[in-house]
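Novice: Have a look at this one before I ask anything.
The values are calculated or read from the model by the stated rules, or taken from the named source; none is laboratory data. It should be emphasised that the depicted structure is a prediction, and the values quoted were computed from it without experimental measurement. Using ideal geometry, Cβ is built from the backbone for each residue, glycine included, and neighbour counts are taken over all protein chains shown. Side chains included, ligands, DNA and RNA excluded: accessible areas come from the protein's heavy atoms. Shrake-Rupley method; radii C 1.70, N 1.55, O 1.52, S 1.80 Å.
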Amino acid sequence: QEQLVESGGGLVQAGGSLRLFCAASGRTFSSRAMAWFRQAPGKEREIVTTISMSGAITYYADSVKGRFAISRDNAKNTLYLQMNSLKPEDTAVYYCAAAVKYYSEIARDYTYWGQGTQVTVSS
């Protein structure tokens, strides 16, 4: 079974940066599309960014484009999310997720989930 564990969340001032990590267990990480989602209080979970198996293809929600960067290291079974120029509206629980596909921008394709890590951006 896939196991995904996020880390790196915390409290940061607006304009600051954080780097999130998602460690995957097993031998299937390199054969999974990966994504970061987030869910703010009182809001639905939304897709933030996705990356293909090889890392060659990425997608970003308009709200984070130019500020966030997704990457992966298949040799280390690790997914990253570099978040710069953070805004209070980025405050949410961030989840990493895996899809049994080469690449997907469709939320329902992501069937393996981590437990989430809290990101709080103060104004």
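Novice: Between the range 85-113 and the range 1-45, what's the alpha-carbon centroid distance in Å?
Specialist: Result: 7 Å between the Cα centres.
Novice: Let me ask something else about it. Please report the relative contact order for the chain, taking Cα pairs under 8 Å with a sequence separation of at least 6, and give it as a percent rounded to a whole number.
Specialist: Rounded, it is 37 percent for the chain.
Novice: Next up: Measure off, as a whole percent, the carbon and sulfur share of the 1.4 Å-probe accessible area of the chain, all protein chains present.
Specialist: Looking at the chain in its full context, I get 48 percent from C and S.
Novice: Still on this structure, please answer the following. Kindly report the accessible area of the chain per residue (heavy atoms of protein chains, probe 1.4 Å, no ligands, DNA or RNA), in Å².
Specialist: Here the residues of the chain average 51 Å² of exposed surface.
Novice: Can I ask one more? For the chain, what ratio Rg/Rh do Cα atoms give with a Kirkwood hydrodynamic radius? Write out the running numbers ahead of the final one.
Specialist: Working: Rg = 13.3 Å, Rh = 14.1 Å.
Reported Rg/Rh (Cα atoms, Kirkwood Rh): 0.94.
Novice: Starting from the 7 Å offset along Cα-to-Cβ, what nm value, one decimal, do you get for the label separation of ALA23 and SER7?
Specialist: The two pseudo-label positions are separated by 0.4 nm.
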